[in-house]
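One structure is given here, and the rest of the page talks about it.
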C-alpha cells in the first residue's frame, strides 16, 4: 500500500497539548473517506478517492488524520475507525474540544504530505514541510494548484458551495435566470461569480450534458459516492453529484449550481423548472448518505 508503516511502538497520534516526539503526530484536523463523505479533491467518487491514496474501497470507509510530526513534517494517517473520526469531526464542528487519538491497531498507513491546504500548523514544531522520503515510497500528497483550474479545483469549489450553500444562494437573489431563447452574455456574472443560465432549458452545452448524465444515473446507478446527500433542513437535502468534467450542488427544495472543467472559476445556476425537482428527488434516493 505504500507510505509510512504504522507498527506497534513506532508511531503514535498525540493530542494538541502533548509533548511531541519526532515519531509522534500532532493532529491538526481529520476528514472522512467513506462512500457518503470524502474530500472531493481526491476524485469524482469514493472508489476514485480511495484509488488516489492506494486504498481498497471498503464499504466501511476510513478516517484521514492530518498532522505534523515532531520535526514539522506533514503526514496523512489513514485509520480504519471511521466512526471515531466522525465523532471527533462532529465535536469540532460544534466548537467542542475533542482529543483524537486513534488506536494503533486501527492505523492502516501514514502517507507523506497533505491532500489539502490547512490554515493551521502545530505549535512548537517547525513550519509544515514535506518529509524526507529518500526517494522511497509514494510521493508526498500535495494540494491542487489554486492558480490552475481542472477536475480537482472544480470539485473543491463544489464542496465549498455545498458547505456554504446559503452564502452562495444569497448571491443569486439579484441574478436574472435567462429564459430559453435569451441571447448574449450574462448581465451580472463575472468569473468566479454565479452566471445566468436558462431555468428549464439550459443553453450551455456543458450543463445540458451534465444534466443528461445525471439523469442517466437514475437508470444506471454510478459508482458509490458519485451522488452524495446530506442534511439541509427538515424538508430538504443538499446533493453533491459529479461526473466527467462537471460537478453539481443542489438543494432538493431549490435550484442547482454547476461547475464545469471547461468554464474556469464559473458557477452556473439552473432554476427548478419542470424537470429539475423530479431529478433531484430521484438522485437523492440513490445517494450515499451519512449514517
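The values are calculated or read from the model by the stated rules, or taken from the named source; none is laboratory data. Everything numeric in this text was worked out from a predicted model, so none of it was measured. Backbone-built Cβ (ideal geometry, glycine too); neighbour counts: all protein chains shown.
Of the residues in the stretch 59-69, not one is surrounded by fewer than 24 Cβ atoms within 10 Å (Cβ to Cβ), without any contact (Cβ under 8 Å) to a residue 24 or more places away in the chain and in a loop (DSSP other than H, G, I, E, B). Residues in the stretch 265-283 that are surrounded by 15 or more Cβ atoms within 10 Å (Cβ to Cβ) and at pLDDT below 95: 266, 267, 268, 269, 270, 271, 272, 273, 276. Pairs are defined by a Cβ separation below 8 Å, a sequence spacing of at least 6 or placement on different chains, a first member in the stretch 158-170 that is in the same structural domain as residue 228 (by TED's automatic domain parsing), and a second member that is in a helix (DSSP H, G or I) and modelled with pLDDT under 95; the pairs so defined are 158/40; 159/40; 159/41; 161/168. Within the stretch 107-119, the set of residues being farther than 12 Å from residue 27 by Cβ and either free of Cβ contacts under 8 Å to residues at least 12 places away in the same chain or surrounded by fewer than 18 Cβ atoms within 10 Å (Cβ to Cβ) (or both) comprises 117, 119. If you take the residues in the stretch 231-262 that are free of Cβ contacts under 8 Å to residues at least 40 places away in the same chain and not in a strand (DSSP E or B), which one is surrounded by the most Cβ atoms within 10 Å (Cβ to Cβ)? Residue satisfying both the conditions and the ranking: 252. With the structure loaded, tell me whether residue 269 is in contact (Cβ under 8 Å) with a residue 60 or more places away in the chain and under 18 Å from the mean Cα position of the chain (by Cα) or whether it fails that test. So residue 269 does not fit the description; no.
Scanning the stretch 263-291 for residues that are touching a helix residue (DSSP H, G or I) at 6+ places or on another chain (Cβ under 7 Å) and part of a loop (DSSP other than H, G, I, E, B) gives a single hit, 263.
Residues that are in contact with a helix residue (DSSP H, G or I) (Cβ under 9 Å, 6 or more places away or on another chain) and at pLDDT 85 or above do occur in the stretch 126-143, at least one of them.
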